[in-house]
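One structure is given here, and the rest of the page talks about it.
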Amino acid sequence: MVKNRHPAGQTAPGTISAAPVGPCAGLEVISLAALRARVRAHGTDPGAPQRPGFHQVLTLASGGLRQTVDFTAHDVERDSWLWTRPGQVVQWGDLGRAEGTLIAFERDFPGAATVHAARLDDPHARVLSTPKGEAAASLRVAAEHLEHEFRAPGLPHDAHDAVLRHLLDVLILRLAHLEGADVRPAGTRETFLRFRATVERDFARTRRVDDYALALGYSARTLSRATLESAGTGAKEFIDRRVVLEAKRLLAHTDLAAARIADRLGFSSATNFAKYFHQRAGQAPIAFRTAVRGRGAAVPPARDGRDAAADRT
């Protein structure tokens, strides 16, 4: 990323506090070979938990790569597309086993219409897609054209930015609207969608289903029924999973003490937070931090897009 408006530690793998150099503010297109060289130059560990403040789209031309996103592993293969959103915790696998391209872009780089049409801000969107046939060919062409223009000289700066923005729009719209990769969140019931959006906004303020029911004008039973139908779990469990996910992100990516994390997530004390986390994650907060930073955490591969989304909520 050329434009570095996120804090240190939020840049692409292999970078440190300074952003990579490139021809366009808000977008970078880099081969995995170049990424490996950058990692070696900086002596950083791409497998360490990172929480980028921008979008990353990864596609492979050969080989394979196991990429961990929000503590769920995804096996990326040739012609697969892995799209991680701002705020998700990413851990890279062995970069030496694959060749491909990483496209990283700021949220405000695509056009406003594309941001809306691709649901760019959807935190529950599918992470991994493997298109077939014409869809796969169209995405390859779009990525190759974007990469070519990213490196091509000859245009004035403003014109170059405009070309890259339009080409990125094409790529992410095609990727967002792949058949079977619905850009809408899993579950189409309006009750559940409203509940989920409110949980995303308020999970650090309240964990009580009754509070959400009151805010949305439903009964707690209605929320639980809608959530069970759409997400396969009750409303309280849905809220708890979102709180635990945020706790895991903070434990993995920051050095905040448990007391600070407890405060951020609305717990009355570090003790209450530790008990809550242990009951739902199966280990103490500090044990989780140690395991995930040592890449010793047991991380199951994602089964499909819907399962991966459920694991993140």
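FYI, it's all coordinate maths here, none of it is from the lab. Everything numeric here is computed off the predicted structure, so don't read it as measured data. Methodologically, a virtual Cβ is constructed for each residue, glycine included, from the backbone with ideal geometry; neighbour enumeration extends over all protein chains shown.
When Thr114, Thr222 are ordered from fewest to most other Cβ atoms inside 10 Å of their Cβ, what list results? Before the final figure, lay out the partial values.
Values: Thr114 19, Thr222 15.
Ascending number of Cβ neighbours within 10 Å: Thr222, Thr114.
What FRET efficiency, computed as 1/(1 + (r/R0)^6) with R0 = 25 Å and r the Cβ-Cβ distance, is obtained for Ala159 and Ala117, rounded to the nearest 0.05?
Efficiency for this residue pair is about 0.55.
5 Å is the cut-off here: which amide hydrogens, built 1.01 Å from N in the peptide plane, fall below it relative to Gly93, excluding neighbours closer than 5 in sequence?
Long-range HN contacts for Gly93: Arg66, Thr68.
Seen from all sides and averaged, what is the projected area of the convex hull of the Cα atoms in the stretch 80-212, in nm²?
Values: hull surface 43.2 nm².
Averaged projected hull area, Cα only: 10.8 nm².
Picking from Gln67, Ala37, Gln50, whose Cα lies most toward the positive end of the charge dipole for the stretch 26-80 (charges on Cβ: Lys, Arg +1; Asp, Glu -1)?
Checking the options against the dipole of the stretch 26-80, the answer is Ala37.
Grab the other residues whose beta carbon is less than 12 angstrom from that of Leu167, score K and R as +1, D and E as -1, and report the net. List each step's numbers first, then the result.
Numbers: positive: Arg165, Arg174; negative: Glu144, Glu147, Glu149, Asp161, Asp169.
With Lys, Arg at +1 and Asp, Glu at -1, the neighbours total -3.
Non-local amide H neighbours of Gly100 (under 5 Å, H modeled in plane, Pro and chain starts lacking H): which ones?
The answer is Leu32, Ala33, Ala61.
With each pseudo-label sitting 7 Å past Cα toward Cβ, what's the Lys236-Glu134 distance in nm, one decimal?
Here the modelled spin labels are 5.0 nm apart.
Select from Phe195, Ala281, Tyr212 the residue farthest towards the positive end of the dipole of the stretch 190-312; place +1 on Cβ of Lys and Arg, -1 on Cβ of Asp and Glu, and compute about the Cα centre.
The one lying farthest along the dipole's positive direction is Ala281.
Calculate, in nm to one decimal, what Arg97 and Glu144 gain on full extension: separation in residues at 0.36 nm each, minus their alpha carbon distance. Display every interim value, and only then the final one.
Numbers: separation 47, 0.36 × 47 = 16.92 nm, distance 2.11 nm.
Separation in residues times 0.36 nm, less the Cα-Cα distance, equals 14.8 nm.
If packing is taken as the average count of other Cβ atoms within 10 Å, what order do 60-66, 240-246 fall into, highest mean first?
Working: 60-66: 16.1, 240-246: 18.9.
Descending mean neighbour count gives 240-246, 60-66.
I'd like the Karplus ³J(HN,Hα) series for the stretch 147-156: coefficients 6.51, -1.76, 1.60, θ = phi - 60°, whole numbers in Hz, and an x wherever there's a Gly or Pro.
Those phi angles translate into 5, 4, 5, 4, 9, 6, x, x, 9, x Hz.
Once each part is reduced to its C-alpha centroid, what is the distance from the stretch 122-145 to the stretch 39-107 in angstrom?
Each part's Cα centre sits 15 Å from the other's.
For Lys236, list the aspartates and glutamates whose Cα falls under 12 Å from its own Cα; do not include residues on the same chain fewer than 8 positions away.
Asp210, Asp211
With a Förster radius of 22 Å, plug the Cβ-Cβ distance of Asp211 and Lys275 into 1/(1 + (r/R0)^6) and report the FRET value to the nearest 0.05.
Values: r = 21 Å, r/R0 = 0.95.
Rounded to the nearest 0.05, the efficiency is 0.55.
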